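Encoded as structure tokens, the structure appears first; notes follow it.
FYI, it's all coordinate maths here, none of it is from the lab. Fair warning: this is a prediction, and the values are worked out from it, not measured in the lab. All Cβ positions, even for glycine, are placed from backbone atoms using ideal geometry, and neighbour counts span all protein chains on display.
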Amino acid sequence: MPGTDLTGRRVLAIVTNYGVEQDELVVPLEHLRGAGVSVDVAALSADDVQTLVGDKDPGRSVTPTLTYADADAASYDLLLVPGGTLNADALRLEDDAMGIVRSFTTAGKPVAAICHGPWALVETAAVEGKTLTSYASLETDVLNAGGAWVDRPVVRDDAGGYTLVTSRTPADLDAFLREVDAVLAA
């Protein structure tokens, strides 16, 4: 949906301060902001977020706009959960971040997660009855948490009380962002 005007919509991205996959954060930020979306990045601290490329090479730094503790889920239209193995694994241990995920899913607000990002949904018991995709290594975790895992570039599941958009890897970002745009435009 290039050119879609999403002015007035608000998105919250949650990440740790180290290890988020660069393109899974930076590309959606630039895309959404270019469409008029107000995007906040919440991290554990106000320190810069060090992204990685391929879970190992340093990427761009991103300055968070707030911390998890300062984020008010009710103020946003969609939650973005980027991956990166280190980021996603550490994120699910952060109670405030998982509280944000729970706030979105229990309020029926959309969540978009890519790559290892769906671990946050597994951690918060929010995948039961949902069909989703992710990085392939999460398949067993998703199945054990009661979800159905499929190998597709993007999956949108509107059942179960909230909309969930998922993708596998940065290679799927175009499809992922088209679906995120569609959810925000609805």
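Taking 0.36 nm per residue of separation and subtracting the Cα-Cα distance, what length does fully extending residue 148 through residue 106 add?
Net length gain for the segment: 13.1 nm.
Amide H of residue 60: which non-local residues (sequence gap of 5 or more, or other chain) have their own amide H closer than 5 Å, using H built in the peptide plane?
51
For residue 186 and residue 47, what is the calculated FRET efficiency with R₀ set at 22 Å and r taken between the beta-carbons, to the nearest 0.05?
Step by step, r from the Cβ atoms, then E = 0.05.
Work out, in µm²/s and without decimals, the Stokes-Einstein translational diffusion coefficient of region 97-186 at 10 °C, 1.306 mPa s, Rh from Kirkwood over C-alpha pairs.
126 µm²/s
When only Cα pairs under 8 Å and 6 or more residues apart are kept, what is the percent relative contact order across region 1-153?
21 percent
Taking square-rooted eigenvalues a ≥ b ≥ c of the alpha carbon gyration tensor, is region 49-146 rounded, prolate or oblate, where a/c under 1.5 means rounded and, failing that, a/b exceeding b/c means prolate?
It comes out oblate by the Cα gyration axes.
Please report the spacing between the Cα centers of region 54-88 and region 109-186 in Å, no decimals.
16 Å
Sort 84-93, 135-144 by the packing proxy (mean of other Cβ within 10 Å over each peptide's residues), most packed first.
84-93, 135-144
For residue 147, what charge total do you get from the other residues with a beta carbon under 12 Å from its beta carbon, if Lys and Arg give +1 and Asp and Glu give -1?
After counting each charged neighbour, the total is -3.
Can you show me the helix-derived [θ] at 222 nm for the chain, built from DSSP H runs with n ≥ 4 at -39,500 (n - 2.57) apiece and divided by the number of residues, rounded to the nearest 500.
Counting only the DSSP helices, I get -8500 deg cm²/dmol.
Only bridges whose two residues both fall in the chain count here: according to DSSP, what percent of them are antiparallel, nearest 5?
Around 30 percent antiparallel, to the nearest 5.
Using the reciprocal of the averaged 1/r over all distinct C-alpha pairs, how large is the Kirkwood radius of region 1-110 in Å?
Taking the inverse mean of 1/r over all distinct Cα pairs, region 1-110 comes out at 13.9 Å.
Give me the number: length gained by fully extending residue 75 to residue 174, i.e. 0.36 nm times residue separation minus the C-alpha to C-alpha distance, one decimal in nm.
Full-extension gain reported as 33.0 nm.
What distance in nm lies between label points placed 7 Å from Cα along the C-beta direction at residue 30 and residue 55?
2.5 nm
In Å and whole numbers, how far do the C-alpha atoms of region 10-185 stretch along each principal axis, longest first?
Computed over region 10-185, the largest-to-smallest principal extents equal 37, 34, 31 Å.
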